[in-house]
Every structure is written in structure tokens, then in C-alpha cells.
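So the structure is just underneath, and the comments pick up after that.
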Amino acid sequence: MRVRYSYLPQQFADVGSLWDDLRRLVESGDFTLGAPVTEFETRFADLIGTRHAIGVGSGTDALKLSLKAAGVGYGDEVITAANTFIATAGAIAEISATPVFIDCDDTFCMDVGQLEAAITPKTKAVMPVHYTGYVADMPRIMAIAEINGLAVIEDACQAILATTNGRKAGTWGLAAGFSLHPLKNLNVWGDAGIIVTDDDLAATLRLLRNHGMVSRDEIAVLGYNSRLDSLQAVVGNWLIGEAAAITEARIANAAYYDDALAKIPQITLPRRDVNSKIVYHLYMVFAEGRDGLYAHLRDRGIECKVHYPIPLHRQQGLAHLGYRAGDFPVAERHAAETITLPVDQHLSRAEMDYVIDTVRGYYAAG
């Protein structure tokens with residue numbers, strides 16, 4: 001049996017009505033910040049429960065523009081998690097600020113116990129990452145940020161509809177960035193992102209995404225070209241009504257894995273906080289002899305992944321930050337021990353049973 005990782009062929013296997021929507025877009029010529037973008041922004045704000053949603057070109061841009069609108073820039077420091085994807089650090093660097101890493105814990109989110117010690121006079125913001133779809137400890141982060149006068153910009157790119165203490169990712173900080181990349185839980189047909197906020201900062205964000213233009217002839221600020229394409233908004237509108245069902249299917253699949261894999265001594269499940277709703281953009285577990293298990297699964301047609309084998313602080317492109325091996329031991333342990341299994345809403349129970357049986361068989365064979 002083959003168990004694929006990318007579910008896009010199934011996600012978009014039956015798009016007859018979507019072609020009709022796209023045909024209408026072409027006929028309208030409404031390609032730039034058109035009516036589909038406004039519709040998607042309204043629906044996304046309603047989905048998350050914020051006053052504003054601003055469509056932009058990518059999840060990376062959603063983070064970058066949020067930091068920029070919050071006044072973060074050259075010489076400032078932004079504290080974030082050491083185990084995140086490069087886009088988090090890249091967004092900070094793009095506005096000439098410096099990413100400052102702290103270690104994660106076994107929820108895969110930042111270890112908030114290390115946050116206060118990382119704050120310096122240059123610290124301007126904190127960017128918690130809701131990695132894998134698990135919301136960071138936002139009550140503690142917000143309390144520390146308030147005491148220290150720091151902006152909080154949530155990297156919620158992997159966490160649509162995730163919650164902690166009953167409150168959704170993206171509703172805690174000054175603003176939050178979501179990604180609509182094809183492999184995200186709510187996805188479109190290319191790069192796209194969206195910012196949510198309850199703050200009047202939304203007006204600045206709308207300027208920043210569109211060259212700083214108030215009108216065709218009036219420029220209020222120096223901005224960027226980072227508009228959500230109308231075409232991608234049409235795709236987003238076609239799919240957004242399924243966001244809740246997609247989320248619940250992933251949660252159910254993760255629970256099915258958890259129940260079976262917990263019985264395998266060589267597999268350790270991450271901590272599952274009862275106050276959190278984890279939406280499983282990634283389903284990651286700790287595995288003894290991870291590299292051997294990875295090869296075994298791949299050889300048997302299971303497209304598992306490793307997120308990520310080289311942590312950011314050990315990447316050549318970030319060597320200028322001055323970090324060394326051993327600086328973030330938990331992130332490094334995760335890089336050596338975690339494996340990501342397919343968990344998407346289109347998996348069948350037969351496919352999941354095959355994954356479980358193959359993991360069990362690997363360890364049973366010694």
C-alpha cells in the first residue's frame with residue numbers, strides 16, 4: 001500500500017463549481033483586490049472571531065507586515081522559537097530586525113519559562129509560533145509582554161481554529177499571521193496569507209500590502225506589493241466553509257494514531273494539554289531510532305517527513321546570529337527524534353492502520 005503525504009489531488013478532485021467561480025472572475029476582470037478578496041476577508045474574520053482580516057501574498061508576508069505595522073524595524077529584536085520554520089525568522093529579518101531564539105518544549109511551542117531572560121533593551125516584540133497546530137502558552141506570554149511593553153505578533157500559520165483555554169489562535173496578540181499555502185489545513189492554489197487583528201492597525205496593514213497607496217495617485221507610506229490575489233481568494237471562498245470539518249477530521253485521525261501508537265514502547269507522544277485544541281497541521285511523535293524508522297516507512301510506501309532535521313540556529317544562513325550547537329538542546333533533540341506521519345482529512349482508516357502496523361512491525365523486528 002502507498003500512503004501519500006500530499007492530499008491535494010483528493011482535496012481538489014471535484015472542483016466543478018470552482019471552475020464556474022473562476023470563469024466569472026475572468027469575465028469580470030476583477031483581478032487586483034477584487035470583490036472575492038473582500039468576501040474572503042470577511043469570512044475569515046468571522047471564522048477566527050476578529051474585527052479585521054487583511055489578505056496578503058503569503059504567510060511570511062502576513063508576519064512581516066504585522067511586525068512592520070507594529071513599529072518593529074532596524075536594530076530591534078524579536079523573540080521567537082528556535083524550532084520554527086525559516087519563514088518566521090525570515091519575516092523578522094526582512095524588516096531588518098534580529099530574530100532572538102529561545103528553546104521549545106515538548107508541545108513543540110516556545111518554552112515560556114525562558115522568555116523573560118531573553119528580553120533586552122532592544123526587544124520590541126515576541127512572536128510565538130503555534131507550531132504543528134498547538135497553541136503556545138498565550139496567557140503567560142501576554143502577561144510577560146504587557147509587563148515589558150512588547151508587541152505580540154502570533155505566527156498562527158499552522159494553527160487555523162486551534163485554541164487554548166477556549167480562545168482561538170490569532171485572537172491573543174496585537175495581530176496574527178495565517179498561511180494559506182497548499183499544504184496548510186485551509187489551502188489555496190499557491191502562496192497566500194492573511195492577517196487578523198482587532199486593532200485599528202488594520203488600516204496601516206491595508207496600506208502596507210498595497211504600496212502604501214491611499215488612492216491611485218496618493219502614497220501615504222512606503223509599502224510593499226503583497227496583495228492576496230483575487231484568484232486565490234476565489235479558491236479560498238470555495239473551501240472556507242469546510243474549515244471546521246477539515247479540522248475535526250484531522251483531530252479524529254490524530255486521536256486514532258495516539259490510541260494505537262501509545263501502545264508501542266519505542267514511540268512517545270507529545271504532551272497533550274487538555275485545555276488546548278490541537279489542529280494537527282503536523283502529526284509529530286518521538287521515535288527511538290527515528291532515522292531507521294523513517295527509512296523503513298519510506299521503503300514501504302509511507303511518505304513520512306522530518307520537521308526539521310537541522311534546526312534554524314545550526315543553519316548556515318543564520319550563522320551570523322552567533323548561535324552554536326547545544327544552545328537549544330530541546331530543539332536539537334526534536335530534530336533528532338521526531339517523525340511526522342500523514343494525518344490529513346482524506347486518509348482512510350485502512351491507510352492509517354497500515355501506517356500503525358508498519359511502525360509496530362519495525363520495532364517488533366528489532
*Can you tell me which of V196, V214 is surrounded by fewer than 16 Cβ atoms within 10 Å (Cβ to Cβ) and either in contact with a helix residue (DSSP H, G or I) (Cβ under 7 Å, 6 or more places away or on another chain) or assigned by TED's automatic domain parsing to the domain that holds L22 (or both)?*
V214
*Do the conditions hold for H346, that is, is it closer than 25 Å to E94 by Cα, in the same structural domain as A287 (by TED's automatic domain parsing) and of a type outside the set (A, V, I, L, M, F, W, C)?*
no
*Residue by residue through region 237-269, note down the ones that are surrounded by fewer than 17 Cβ atoms within 10 Å (Cβ to Cβ) and assigned to a loop (DSSP other than H, G, I, E, B).*
A262, K263, P265, Q266, L269
*Looking at region 1-68, what helices (runs of 4 or more DSSP H) fall wholly within it and have at least 2 residues that are in contact with a Pro (Cβ under 9 Å, 6 or more places away or on another chain) and farther than 18 Å from S226 by Cβ?*
8-11, 16-28
*Name every residue in region 1-37 that is in contact (Cβ under 8 Å) with a residue 40 or more places away in the chain, of a type in the set (D, E) and under 24 Å from N185 (Cβ atoms), in order of residue number.*
D21
_Candidate set: region 287-332, residues that are without any contact (Cβ under 8 Å) to a residue 12 or more places away in the chain, within 21 Å of A365 (Cβ to Cβ) and not small (G, A, S); chosen: the one surrounded by the fewest Cβ atoms within 10 Å (Cβ to Cβ)_ = D299
*Given the conditions (1) within 21 Å of D273 (Cα to Cα); (2) in the same structural domain as G16 (by TED's automatic domain parsing), report the number of the one that A175 does not fulfil.*
(1)
*Of the residues A145, A117, which single one is surrounded by 22 or more Cβ atoms within 10 Å (Cβ to Cβ), outside any loop (DSSP other than H, G, I, E, B), free of Cβ contacts under 8 Å to residues at least 60 places away in the same chain and not assigned by TED's automatic domain parsing to the domain that holds H313?*
A145
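The values are calculated or read from the model by the stated rules, or taken from the named source; none is laboratory data. Quick caveat: nothing in here was measured; it's all calculated off a predicted structure. When we count neighbours, we look across all protein chains shown, and the Cβ atoms used for this are built from the backbone with ideal geometry, even at glycine.
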